[in-house]
Structure formats: structure tokens, C-alpha cells
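Report on the structure given below.
The values are calculated or read from the model by the stated rules, or taken from the named source; none is laboratory data. This is a predicted model, so every value here is computed, not measured. We place every Cβ from the backbone using ideal geometry, glycine too, and count neighbours over all the protein chains shown.
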Amino acid sequence: MKRLRRVFRLFVPLVIAAFILSGCANLPFLSAESTYSILTVAADGTSQTSPIKLPWNANTAVLHKLLLEASFTISDLHSDATSTDSKTASVYLMSVFPHSKSMNLNIDGVTVAMDVRSIQVEVQGPDVGRVILNKSWALQGISDPNLTPAYLDFLKMLETQSAAKPQG
């Protein structure tokens with residue numbers, strides 16, 4: 001009986017920790033089921049959108065890591081987002097949802113329920129972690145040092161995939 005109690009005392013906290021770490025909390029999350037693009041904004045203000053299309057044999061774990069880091073960035077937003085340099089090029093991970101997606105966002109420590117039609121997360125540039133909701137509301141997300149490396153890993157994976165295509 002004592003052995004059963006010891007096992008139970010170890011098992012219950014592990015199960016609870018697993019639920020917490022697996023993300024059962026109601027946080028905004030970018031998933032691979034959505035459609036994503038890379039939005040590049042040049043220093044002169046011109047922009048180019050490139051849809052993300054993965055080949056069938058792509059390493060989707062790299063995309064999942066990028067989405068996880070972007071999701072972490074949008075999990076705590078602050079309204080004091082100010083651009084440090086508007087004359088510098090920036091790259092955003094952008095998702096436009098076909099229908100509004102209801103999200104509970106933590107903005108300035110307050111949970112705000114809102115319908116989101118688009119999200120842009122700056123992955124490279126002067127304000128990494130800057131989040132633009134519905135193409136109009138700029139907020140500052142968590143400063144995640146893993147966001148830019150995850151994006152660069154994603155680019156390397158795409159380059160590797162395009163180099164591996166047979167010429168014909």
C-alpha cells in the first residue's frame with residue numbers, strides 16, 4: 001500500500017505537468033493547418049508576399065518550431081509597440097484566416113477576447129516580436145531570442161528542399 005502511494009504521488013504531478021506543458025491552457029496558437037506567407041517589407045516601404053508551400057518531403061518539424069516560437073511571441077502582448085527604425089527592412093510571418101478566428105489574447109495583462117482575421121509576427125528586422133493584428137493594430141509580443149533562428153532554420157530547410165529537386 002505504501003508503494004502504491006509513492007507511485008501515485010509521483011504519477012499525479014507528472015500527469016499535471018504534462019498537461020500544463022502540452023499547452024492545454026487557452027492561448028493563441030498558430031497551427032500547420034492555417035495558410036501562411038512570408039511578408040517582406042523593404043526599407044522604402046514596398047512589400048512582397050510569398051506564400052509558404054512545402055514540398056511533400058519537407059521537414060515539417062522545422063515549420064512547427066517556427067509556428068511554436070511565433071505562438072510564444074503572441075502569448076503576451078503589450079500596446080507600447082513603437083518601431084525603432086521605419087527605414088529598415090523587416091520580414092513577417094503572416095497568416096490570414098478565411099474566417100475570423102476567435103482568440104483570447106493577453107494584452108497589457110488583461111485577457112481580451114477578439115476576432116482575428118490576420119496576424120503578422122516580425123521574425124527578422126529591428127522589432128523582432130512585433131505583432132500586427134488584423135493588419136492595423138501593432139503590439140509588442142514577447143522578445144523571443146529563438147524566433148529569428150527558427151525562421152532562418154526554416155529558410156535553410158526550404159533552400160535544401162529546392163536544391164534537392166531533380167532538374168528536368
Q) Do we find a residue being at pLDDT 90 or above, assigned to a strand (DSSP E or B) and of a type outside the set (Phe, Trp, Tyr) anywhere in the range 142-151? A) no
Q: Consider only pairs whose beta carbons are under 8 Å apart and that are at least six residues apart or on different chains; among these, list those whose first residue lies in the range 139-165 and is farther than 15 Å from residue 71 by Cβ and of a type in the set (S, T, N, Q) and whose second residue is surrounded by fewer than 17 Cβ atoms within 10 Å (Cβ to Cβ) and at pLDDT 90 or above.
A: 140/78
Q. Given 100, 118, which one is in contact (Cβ under 8 Å) with a residue 12 or more places away in the chain, under 19 Å from residue 49 (Cβ atoms), out of contact with any helix residue (DSSP H, G or I) (no Cβ under 7 Å at 6 or more places or on another chain) and assigned to a strand (DSSP E or B)?
A. 118
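It is to be established whether one or more residues within the range 81-104 are of a type in the set (Lys, Arg) and within 19 Å of residue 156 (Cβ to Cβ).
no
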Q: Keeping to the range 32-65, report how many residues are polar (S, T, N, Q) and at pLDDT 85 or above.
A: 7
Q | Considering residues of the range 78-97 that are part of a loop (DSSP other than H, G, I, E, B) and at pLDDT 85 or above only, the residue farthest from residue 35 (Cα to Cα) | A | 79
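Got a sec? Which of 158, 139 is over 13 Å from the mean Cα position of the chain (by Cα) and in a helix (DSSP H, G or I)? Can you show your working first?
On the way: 139 fails: in a helix (DSSP H, G or I).
The unique qualifying residue is 158.
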(Q) Can you tell me which of (1) modelled with pLDDT of 65 or more; (2) farther than 23 Å from residue 125 by Cβ is the one residue 20 doesn't meet? (A) (1)
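Could you tell me which of the residues 123, 116 is closer than 17 Å to residue 38 by Cα and aliphatic (A, V, I, L, M)? Walk me through it before giving the result.
On the way: 116 fails: closer than 17 Å to residue 38 by Cα.
Answer to the check: 123.
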